[in-house]
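One structure is given below, encoded as structure tokens.
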Amino acid sequence: MAPGDVDRTRPARRSSPARQPFLLEAQRALRDLGYDPGPIDGIFGPRTRAALEKYQTTEKLPATGELDGLTLQRLDVYRRLFRPTREL
């Protein structure tokens, strides 16, 4: 592959803008649980992947290092992301 060519056989490492809020909350949840995802920046870097793998192993989930639906659910990302801002 020539310099500057894009390897389309491998998924992109950066999160899409639509998924960034989920990744930010997942990084916060991992941090809150004692796993080190690196900076809370919405970027799916190697430290976030390693923290996810450790969390998944501890929780007896498939240790893929990916932010899949089951991991999002177990981290309670949906509740964290969509919690009401104030009680009515």
Just give me the residues in the range 72-88 being of a type in the set (Val, Ile, Thr) and over 11 Å from Leu23 (Cα atoms), in sequence order. Thr85
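Conditions tested, residue by residue: (1) part of a loop (DSSP other than H, G, I, E, B); (2) of a type in the set (Asp, Glu).
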site	(1), (2)
Asp36	yes, yes
Gly42	yes, no
Ala50	no, no
Lys54	no, no
Thr57	no, no
Lys60	yes, no
Glu66	yes, yes
Arg79	no, no
Gly65 versus (1) exposed (fewer than 13 other Cβ atoms within 10 Å of the Cβ); (2) in contact with an Asp or Glu (Cβ under 9 Å, 6 or more places away or on another chain): which is the lone unmet condition? (1)
Just name the residue that is surrounded by the fewest Cβ atoms within 10 Å (Cβ to Cβ) out of those in the range 40-62 that are of a type in the set (Ser, Thr, Tyr) and closer than 15 Å to Leu23 by Cβ. Tyr55
Leu88 vs (1) among the hydrophobic types (A, V, I, L, M, F, W, C); (2) modelled with pLDDT of 95 or more; (3) part of a loop (DSSP other than H, G, I, E, B): all pass except (2)
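The values are calculated or read from the model by the stated rules, or taken from the named source; none is laboratory data. Because the structure is predicted, anything quoted here is derived from the model rather than measured. FYI the Cβ positions are ideal-geometry reconstructions off the backbone, even for glycines, and counts take in every protein chain you see.
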